[in-house]
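Let me begin by presenting the structure, written as structure tokens, before commenting on it.
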Amino acid sequence: MSYSSRIEASDCVILFADLQAGIVDLTKTTPIDRLKKSVLGLSKLAKVMEIPAVVSAIAGEDGSPAKIVPEIAEGLGDLPTHHRSTCDSFLNEEILQAIKATGRKTLLIAGVATELAVQLPALSAADAGYRVYVVLDACGGMSERTEQAALLRIAKAGGTAVSVMSLAGELAGDLRTEKAQQAVGILYAMAQG
């Protein structure tokens, strides 16, 4: 199989990491309203393009389940939340098996914080042979400097960054199809705000 720089919906799986109350509000690099709009756009795009998604989160200190941002369910419907006890989703067997079960080898990651919940599984996924894309506008970091350091480390491991808008345009394909028109609608919604 030859390498292609193109992203194919049929080979993608999305990891939504720590997009939960108490954590998502900590973003300093992507304004919270923009972050939530991007998460909604990515969720809707996943639905249109039939891209499976895995949601990972950290349970509350008292063991209570995480309250995931509603934008994921608004776009994709209710998904199970896989609670983990490590910062790296790939170190949790349940999450790893959910990703592997899709049979897909292109991992799109969205989450907060880019420095932990995004960077660590990105590195592990790259080491495991996945093509890794950080969906940057659906991520939030603790500071510009530390997020940039995380992105540089991911790039060194072979990963790269992409935006929801770029994904919508790339995955749309033939603009005469209904799926493409839905993807373009998501692209326009992203461009408007």
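The values are calculated or read from the model by the stated rules, or taken from the named source; none is laboratory data. Being a predicted model, the structure only gives us computed values, none of them experimental. Using ideal geometry, Cβ is built from the backbone for each residue, glycine included, and neighbour counts are taken over all protein chains shown.
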**Request:** Keeping to segment 164-182, report how many residues are touching a helix residue (DSSP H, G or I) at 6+ places or on another chain (Cβ under 8 Å) and either closer than 26 Å to GLY103 by Cα or β-branched (Val, Ile, Thr) (or both).
**Result:** 12
**Fill in**
Sole miss for SER124 among (1) surrounded by fewer than 24 Cβ atoms within 10 Å (Cβ to Cβ); (2) of a type in the set (Ser, Thr, Tyr); (3) out of contact with any Phe, Trp or Tyr (no Cβ under 9 Å at 6 or more places or on another chain) is condition (3)
**Fill in**
Checked segment 147-172 for anything of a type outside the set (A, V, I, L, M) and either assigned to a helix (DSSP H, G or I) or modelled with pLDDT under 95 (or both); matches are GLU147, GLN148, ARG153, LYS156, SER166, GLY169, GLU170
**Message:** For a quick check of your reading of the model, give me the residue pairs whose first member lies in segment 61-75 and is β-branched (Val, Ile, Thr), whose second is assigned to a loop (DSSP other than H, G, I, E, B) and modelled with pLDDT of 95 or more, with beta-carbon atoms closer than 6 Å and at least 6 apart or on different chains.
**Reply:** VAL69/LEU19
**Item:** Residue match in segment 37-55 (condition: basic (Lys, Arg), over 21 Å from LEU107 (Cβ atoms) and either in contact with a Lys or Arg (Cβ under 7 Å, 6 or more places away or on another chain) or crowded, with 19+ Cβ neighbours inside 10 Å (or both))
**Value:** yes
**Item:** Selected residue (criterion: nearest to VAL54 (Cα to Cα)) from residues of segment 96-115 that are free of Cβ contacts under 8 Å to residues at least 60 places away in the same chain and crowded, with 16+ Cβ neighbours inside 10 Å
**Value:** ALA98
**Pair list, Cβ < 8 Å and 6+ apart or interchain, from segment 182-193 residues that are free of Cβ contacts under 8 Å to residues at least 60 places away in the same chain and in a helix (DSSP H, G or I) to residues that are surrounded by fewer than 21 Cβ atoms within 10 Å (Cβ to Cβ) and among the small types (Gly, Ala, Ser)** = VAL184/GLY169; LEU187/GLY169
